[in-house]
Each structure stands twice: as C-alpha cells, then as structure tokens.
Amino acid sequence: MKGVILPPAGSATIEVRLGDGRADGERLRVPVELVGWAEEREVLHARGTAILSPFGTPPPSPLPSPALDPHPRGVVEAYDEELFHGPTLRTITRVIGSSDEGIAALCDPAPDPRAWLPHPHRSRWVIDPLLLDAAFQLQILWSIGAAGSPCLPCFVERLERYDRPPSVEGHTVRVRIDERSEHGASSTVEILDADGEPILRLHGAECVIDPSLGRAFAAGRATRRGPGAP
C-alpha cells in the first residue's frame, strides 16, 4: 500500500484504527489499519490483523542459521555508503556474515520509550522498533551483496512475539532467504536475545529489489549529513 511520505520540513499525521475484535478460541483477532492523508484525502498505508492472547507465547527453539561467509564491508562503511539511516537508527554493531542464503548481525535495541516519545503509554517496548528495523536494514545489505541492488520491504505475512524478559544488549538478527527472483525476495527473520533465545520472528518478509533505489538511498545519505540529521 502507499508508503508514508514525510515532507522535507514538517510532519505527517498517521491514525491507527482498530476494528471490532472477533473471538478465536482463547484469542482475539483485531483488524488494524494505518491511515494518513494526502491532499485532504484518506490514504491507507498498512493493514493487518493483531492476534491477542491472555497467555504468553513461550519461545520456540531457534531456527538453524543460514550458511554464512565473512561480510565484505564494515558497519561504518555500510551505513556511510549503502544504507540511508542516520545516527538514531544505526542499530547494527557487527555483521556476523552474509551469503546468498542470508545475513546475520549483532544489533543494539532501541532506547527507553521516553527517549523517543514525549508521553509513552508503557515503560518498555512491546516490540522493539529498532530491532524490527534491523531486519529490514539487513535485507538491504543482503540484497546489495547478493543481487547488486538495494531493496525495500513491502510485506510481512506474519510477525510472532515471544515471552522473554528484555535484555539490553547482545541481540542477534538473522535473515534467512526462502525465495528469490530478479526483482524481489522473501525471507524468514529471527531476532534472538543475549541468551540465543528467540524474542521475535517474521515469516514471509518480502522485499522489492530495484537498482533505482541506489540513487534514492544516496540522496537520503546526502540529506542526513546536514545539521541536525536524525
């Protein structure tokens, strides 16, 4: 669906809409939409179903790691020359390895919600937004190495969150490529805590591979070198 486009200076208003929940055994299925406005018309940005449960979901056994080779570039070089993220979103601390089969890295979590939100509803994240973004950042690095062009995420079939106490460092993010074509790929992403236990898993994480994204990323890097870049 249509992405959220931020103006060069200013902000965009996004509304989170929840539909009526529908019972599914002991769970509740709730439709969710992200809606914005363009030229005074509503625009649908994203749609999904949240499945709520009164019981925690214990973590499953970790998935096998993809076979990996040493990654050809360091983290600083990757952020300066391949990605477009400013200092706030630079979650990757070390790329463990990459290959045609996938990529894995050590990543830092997001700071306390109070560092990013003026009035957070919770004292800690339900789903860490920076570790989630690390999955998509690693998809880009994989795409550049395996396909010669960057990519952008476009769809996630299912996201599963598991009950684990939060850890402050030592997270591993693994991207395993399940399907690949000339213009896209689909992967399974697993985020592990410092003990190697899964805390989050994405199934059917699809991305679009497009050489023209290289120019857009370069423009983003140039913009973020200015004063006050995020």
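Kindly identify region 129-230 as rounded, prolate or oblate by the Cα gyration tensor criterion: order the square roots of the eigenvalues as a ≥ b ≥ c, call it rounded if a/c is under 1.5, otherwise compare a/b with b/c, prolate if a/b is larger, else oblate. Can you show the working numbers first?
On the way: a/c = 2.49, a/b = 1.30, b/c = 1.91.
It is oblate, given that a/c is not under 1.5 and a/b is not larger than b/c.
Run the dipole for the chain about the Cα centre, Lys and Arg Cβ at +1, Asp and Glu Cβ at -1, nothing else charged, and hand back the magnitude in debye, nearest 20.
About 480 debye.
Considering the Cα trace of the chain, what is its radius of gyration and what is Dmax, both in angstroms?
That works out to 18.1, 53 Å for Rg and Dmax.
Taking the Cα centre of region 94-160 as the origin, how large is its charge dipole in debye, to the nearest 20, when only Lys and Arg (+1) and Asp and Glu (-1) carry charge on their Cβ atoms?
Dipole of region 94-160, to the nearest 20 debye: 280 debye.
Picking from Pro153, Ala115, Val189, whose Cα lies most toward the positive end of the charge dipole for region 88-193 (charges on Cβ: Lys, Arg +1; Asp, Glu -1)?
Ala115
How large is the accessible surface per residue of region 1-89, computed with a 1.4 Å probe and reported in Å² as a whole number?
Working: 6520 Å² over 89 residues.
Using a 1.4 Å probe on heavy atoms only, each residue of region 1-89 averages 73 Å².
Mind listing the lone cysteines of the chain, meaning no other Cys beta-carbon sits under 4.7 Å from theirs?
Cys107, Cys154
In debye to the nearest 20, how big a dipole does region 148-230 give about its Cα centre with +1 on each Lys and Arg Cβ and -1 on each Asp and Glu Cβ?
Taking the Cα centre of region 148-230 as origin, the dipole is about 520 debye.
Per-residue ellipticity at 222 nm for the chain, helices alone: DSSP H runs ≥ 4 residues times -39500 (n - 2.57), over residue total, nearest 500 deg cm²/dmol?
Result for the chain: -5500 deg cm²/dmol, rounded to the nearest 500.
So, for region 113-216, what is the accessible surface per residue at a probe of 1.4 Å, expressed in square angstrom?
52 Å²
Report the paramagnetic label zone for Thr49: residues of region 1-33 whose backbone N is under 14 Å from a point 7 Å from Cα along the Cα-to-Cβ axis.
Only 19-33 fall inside the zone, counting backbone N under 14 Å.
Which one, Tyr79, Leu44, Pro58, projects farthest toward the positive side of the charge dipole computed for region 1-106 from Cβ point charges (K/R +1, D/E -1)?
Pro58
Rounded to the nearest percent, how much of the accessible area of the chain (1.4 Å probe, protein heavy atoms only) is carbon and sulfur?
53 percent
In nm, to one decimal, how far is the modelled label at Phe155 from the one at Asp69, with both set 7 Å along Cα→Cβ?
Spacing of the two 7 Å Cα→Cβ label points: 3.1 nm.
The values are calculated or read from the model by the stated rules, or taken from the named source; none is laboratory data. Only a predicted model underlies this, so the values are computations on that prediction, with no experimental measurement involved. When we count neighbours, we look across all protein chains shown, and the Cβ atoms used for this are built from the backbone with ideal geometry, even at glycine. Ligands, DNA and RNA are excluded from the accessible area calculation, which covers all protein heavy atoms including side chains. Shrake-Rupley method; radii C 1.70, N 1.55, O 1.52, S 1.80 Å.
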